[in-house]
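Structure first, then comments.
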Amino acid sequence: MDNVTVESAIQFAVDQEIQAADLYASLLEKSKDPKAQEIFAELRDMEIVHKENLESFDNNDFKKRHSDQPLLNLKLTDYLVEVKPGENLSFQQTLILAAQREQKTYALYAELADKFQFDEILLKLFTLLAREELLHKDQIESLYDDTVLSQN
Amino acid sequence: MAFNLKGILAPFTALKQLGKPPHTVEYPMVKKPTAERYRGFHYNELEECIGCGTCGTICQNGAIDMISLDGIEGKTGDSGLRPRVDNGRCCWCGLCVDVCPTGSLSLTQDYLYVTDDADSFLWIPGVDNPKGGEIKSFYPETNAESLLDYARIPMPELEGMERVKSFAEVVLGYTQDEAQAEAERCISCGLCVEACPEHMHIPEYINAISRGEADMAVKIIYDNNPLGELCGKVCTRRCEDVCSIAVRGEPIAIRWLKRYATEQAANIDIIREMVDPQILPPNGHKVGIIGAGPSGLTAGYYLALKGYDVTIYEAKEHGGGMTMYGIPKYRLPMESLQKQIGYMESIGVKIRFNTKIGVDISFEELQKEHGALFIGIGFEVPYTIGIEGEHFEGSIQAVNFLRDVNAEKPVEIGKNVVVIGGGNVAIDGARIARRFGSDVTILYRRRVEDMPADWEEIEGAEEEGVHILTQAIPLGILADDTGKVTSIKYGMAEMVDDGKGGRPRPRLIEGDEHIMPVDNIIGAIGQEADYSFIPDAIKEQIEFSRGRMVTGDLKETKLPWLFAGGDIANNTADAISAIADGYKAVKGIEKLFAQKGQE
């Protein structure tokens with residue numbers, strides 16, 4: 001990614017969202033657990049919304065996109081055992097998989113932001129994208145905290 | 001003519017008054033001060049009042065009625081009504097004030113009321129005199145001045161360290177005298193009825209107990225709850241949370257009173273005698289119920305009473321669901337549950353034990369055989385802790401541990417045990433491990449006040465020597481070369497605001513990690529349902545939300561012949577809510593067959 005422009009960076013992010021949506025759609029097909037199916041469908045739809053948001057991105061979005069929304073960062077993904085995509089995942093595994101995926105995407109954008117520190121616009125863009133992934137991870141971790149960990 | 005000295009001095013006596021200041025009563029500009037405990041017009045602290053209506057009930061003149069007011073909505077524990085006083089009937093005896101359980105009602109120094117409507121004597125305390133609180137004169141300042149008894153009759157129970165020596169029931173139960181004394185504290189306001197998911201007839205059966213009529217109390221209890229003894233022992237008792245007496249004192253021991261009454265029915269024959277069930281002749285309709293937990297048993301019982309041919313299919317050896325296999329016997333003895341289920345069987349409920357749907361009989365077969373199906377399978381599949389090392393020998397799940405102990409299967413549990421979780425299952429697991437002689441620590445991610453477990457269970461665990469370590473997050477399980485658990489790694493948490501007004505969430509503090517040597521780790525973070533027995537084609541037609549079946553008011557699913565209740569269809573996941581679901585489903589199933597009959 002040496003000849004990166006804002007447009008190509010956004011297209012890269014869009015591709016990430018498409019891959020994620022496709023992954024959740026395929027896992028939804030394979031799942032037999034209604035609780036997991038529901039989450040897969042929600043995650044797929046969420047990624048599609050993210051993709052659409054990115055496609056309509058313009059420079060003004062730097063200011064208005066979630067910049068003031070506080071991050072929770074419960075760090076659940078730091079210590080939960082990694083879940084790999086597979087057939088018939090449970091509700092719990094589905095949430096862990098999704099949170100870990102958001103964490104990985106966050107790490108990718110954070111790395112890119114670090115790499116493009118010399119370019120103010122790209123730095124801002126990747127920092128913003130990284131932050132958005134953390135917000136998505138927050139949403140999934142909060143859901144995990146409310147459901148799987150409701151008794152803990 | 002006699003000498004009249006008084007007549008001579010009288011003018012001078014009058015002149016004496018000339019030097020004194022005038023003594024004019026400036027009424028009505030300045031009102032005459034009242035006595036300290038004067039009983040003038042009523043005043044009501046509208047925010048403190050819970051609309052229990054006790055003031056109106058005790059009024060000997062029928063001077064108080066309860067009315068709706070703009071801006072005051074009813075909610076659990078508050079009827080939303082407020083008293084209105086007819087001053088034309090009031091005799092200012094003050095009984096209404098003496099029995100007000102919240103202390104919101106008082107009498108004031110105010111005695112002046114002017115209106116051009118000669119027929120208007122109706123007065124809404126607190127509304128018609130919003131500043132009456134500044135001139136309160138007659139009100140019980142302490143509980144001792146009230147006519148109510150705010151102290152609960154203590155429930156006798158085994159002492160903490162005595163309990164852990166056996167699985168004997170911890171609670172010993174009220175004697176008749178104790179039960180009557182406790183029942184007499186009740187003011188029959190009925191706020192508890194709304195709070196109870198099953199809307200049991202609580203004031204009625206408590207009144208029966210206070211009269212010494214336990215048999216009548218049992219009959220009343222069975223009117224809409226066939227598992228009254230179960231609830232008398234382990235109910236989550238939301239009724240007590242809203243008891244009006246609890247505003248200034250200890251709530252009526254509703255659960256323990258129910259326990260007292262139902263325990264008087266010592267066997268199936270006595271239950272039948274007390275309840276005197278009216279069983280309608282067979283109506284030819286067959287209903288299948290999957291799961292003999294509280295919801296399925298309740299649905300089965302009331303359907304059988306109404307003449308339905310009911311069969312409950314239970315995968316396990318005994319009925320009761322999680323109440324049989326998940327609640328320790330020191331809280332709910334097996335004999336108690338079996339007696340209640342035996343009574344249901346005696347009135348015609350058929351239960352096929354050891355019958356697993358999808359294995360012993362297919363779902364499609366059940367559908368074909370019955371005009372309606374009810375599913376009440378509960379949440380029996382535990383979530384894993386989800387950390388490294390959970391597969392090691394010695395790391396177990398609380399629901400499996402409880403099930404094996406209750407089924408009297410041999411269990412191996414080491415000296416040092418850690419339980420992960422803060423719900424009732426975790427507490428039960430911890431207290432059982434104590435009974436096996438283990439030193440037990442509960443690791444809980446949040447604070448004690450966040451624990452979903454019943455506070456009495458938490459206290460009981462601590463009394464029995466269970467140590468609770470809060471804001472501790474399990475991070476990994478360590479084992480020796482043979483794969484046997486040796487210790488648990490955990491990290492401390494800080495509580496962070498979720499930004500949405502919800503309960504704070506725990507976040508791991510980097511670097512604050514610890515190792516605790518243990519022999520066993522018992523996971524108890526929560527459970528979910530296993531729907532694998534339902535064919536995919538059927539599942540696709542049912543609406544689910546967060547793993548629960550979405551049902552209507554009468555527990556109907558999107559499929560007209562399929563009903564669901566208990567943990568899989570409500571968010572409260574307790575026995576009384578399951579019982580309420582079963583009861584509602586009976587109405588739904590009746591409606592279904594009535595509609596079929598019209599087709």
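The values are calculated or read from the model by the stated rules, or taken from the named source; none is laboratory data. Quick caveat, the model's predicted, so the values are computed rather than measured. Positions of Cβ are generated from backbone atoms using ideal geometry, with glycine treated the same way; all protein chains shown enter the neighbour counts.
Within region B:151-178, residues that are more than 16 Å from B:ARG434 (Cβ to Cβ) and part of a loop (DSSP other than H, G, I, E, B) have Cβ atoms under 7 Å from residues that are among the acidic types (Asp, Glu) and at pLDDT 95 or above in these pairs: B:ALA151/B:GLU250; B:ARG152/B:GLU182; B:ARG152/B:GLU250; B:ILE153/B:GLU178; B:ILE153/B:GLU182; B:GLY173/B:GLU263; B:TYR174/B:GLU182, counting only partners at least 6 apart in sequence or on another chain. Considering region B:365-399, and only residues there that are part of a loop (DSSP other than H, G, I, E, B) and either hydroxyl-bearing (Ser, Thr, Tyr) or under 30 Å from B:LYS596 (Cβ atoms) (or both), the residue that is nearest to the other protein chains (Cβ to nearest Cβ) turns out to be B:TYR383. For beta carbons closer than 7 Å, sequence separation of 6+ or different chains, a first residue in region B:261-274 that is more than 18 Å from B:ILE209 (Cβ to Cβ) and a second that is surrounded by fewer than 17 Cβ atoms within 10 Å (Cβ to Cβ), the qualifying pairs are B:ILE268/B:GLY342; B:ILE268/B:SER346; B:ARG272/B:SER346. Among the residues making up region A:12-37, a single one is away from every other protein chain (no Cβ under 12 Å), free of Cβ contacts under 8 Å to residues at least 40 places away in the same chain and crowded, with 20+ Cβ neighbours inside 10 Å: A:GLU17. In region A:76-94, how many residues are under 23 Å from B:ARG546 (Cα atoms) and at the interface with chain B (Cβ under 10 Å from one of its Cβ atoms)? Selection size over region A:76-94: 10. Of the helices (runs of 4 or more DSSP H) that lie entirely inside region B:181-300, those containing 3 or more residues that are out of contact with any Lys or Arg (no Cβ under 7 Å at 6 or more places or on another chain) span B:191-195, B:202-210, B:214-222, B:238-241, B:254-263, B:268-275.
Scanning region B:470-517 for residues that are over 21 Å from B:HIS391 (Cα atoms) and acidic (Asp, Glu), we see that the one that is farthest from the other protein chains (Cβ to nearest Cβ) is B:ASP512. Could you run through region B:475-506 and say how many residues are surrounded by fewer than 21 Cβ atoms within 10 Å (Cβ to Cβ), within 34 Å of the chain's Cα centre (by Cα) and assigned to a strand (DSSP E or B)? The number of residues fulfilling the criteria is 4. For B:PRO125, the stated conditions hold: it is at pLDDT 95 or above, assigned to a loop (DSSP other than H, G, I, E, B) and either surrounded by fewer than 21 Cβ atoms within 10 Å (Cβ to Cβ) or not hydrophobic (A, V, I, L, M, F, W, C) (or both). The set of residues from region B:509-552 being within 33 Å of the chain's Cα centre (by Cα), among the polar types (S, T, N, Q) and outside any loop (DSSP other than H, G, I, E, B) comprises B:GLN527, B:SER545. Suppose we filter A:LYS84, A:LYS104, A:LYS137, A:LYS124 for residues that are under 10 Å from the mean Cα position of the chain (by Cα) and either surrounded by fewer than 18 Cβ atoms within 10 Å (Cβ to Cβ) or part of a loop (DSSP other than H, G, I, E, B) (or both); which single one remains? Answer to the selection: A:LYS104. A single member of B:ALA472, B:ALA433, B:ALA426 is under 23 Å from the mean Cα position of the chain (by Cα) and hydrophobic (A, V, I, L, M, F, W, C), and it is B:ALA426. Being on the phi < 0 side of the Ramachandran plot, surrounded by 19 or more Cβ atoms within 10 Å (Cβ to Cβ) and touching a strand residue (DSSP E or B) at 6+ places or on another chain (Cβ under 9 Å), is that true of even one residue in region B:214-221? No.
If the condition is being surrounded by fewer than 20 Cβ atoms within 10 Å (Cβ to Cβ) and not charged (D, E, K, R), then region B:251-273 contributes B:GLN264, B:ALA266, B:ASN267, B:ILE268, B:ILE270. When residues in region B:552-599 are screened for being hydroxyl-bearing (Ser, Thr, Tyr) and free of Cβ contacts under 8 Å to residues at least 24 places away in the same chain, 1 of them pass. The residue that is surrounded by the most Cβ atoms within 10 Å (Cβ to Cβ), among those in region B:429-469 that are within 11 Å of chain A (Cβ to nearest Cβ) and either in contact with a helix residue (DSSP H, G or I) (Cβ under 7 Å, 6 or more places away or on another chain) or in a strand (DSSP E or B) (or both), is B:ILE442. I'm trying to understand the selection: among the residues of region B:407-421, which are more than 14 Å from chain A (Cβ to nearest Cβ) and touching a residue at least 60 places away in the same chain (Cβ under 8 Å)? Result: B:ALA407, B:ILE413, B:GLY414, B:LYS415, B:ASN416, B:VAL417. Are any of the residues in region A:67-75 of a type outside the set (A, V, I, L, M, F, W, C), closer than 18 Å to A:VAL6 by Cβ and more than 10 Å from every other protein chain (Cβ to nearest Cβ)? Looking for residues that are of a type outside the set (A, V, I, L, M, F, W, C), closer than 18 Å to A:VAL6 by Cβ and more than 10 Å from every other protein chain (Cβ to nearest Cβ), one finds at least one in region A:67-75, hence yes. Of the residues making up region A:8-32, those that are among the β-branched types (Val, Ile, Thr) and modelled with pLDDT of 90 or more number 1. When B:ASP536, B:ASP530 are checked against the criterion of being of a type in the set (D, E, K, R), touching a Lys or Arg at 6+ places or on another chain (Cβ under 7 Å), modelled with pLDDT under 95 and surrounded by fewer than 18 Cβ atoms within 10 Å (Cβ to Cβ), B:ASP536 stands alone in meeting it. Considering (1) within 26 Å of B:CYS100 (Cα to Cα); (2) touching a residue at least 12 places away in the same chain (Cβ under 8 Å); (3) surrounded by fewer than 16 Cβ atoms within 10 Å (Cβ to Cβ), the lone condition that B:CYS192 does not fulfil carries the number (3).
Within region B:222-250, if we keep just the residues that are farther than 24 Å from B:GLU157 by Cα and among the aliphatic types (A, V, I, L, M), the residue that is surrounded by the most Cβ atoms within 10 Å (Cβ to Cβ) turns out to be B:VAL242. Would you say B:LEU147 is in contact with a Gly (Cβ under 9 Å, 6 or more places away or on another chain) and either in a loop (DSSP other than H, G, I, E, B) or not polar (S, T, N, Q) (or both)? In short, no.
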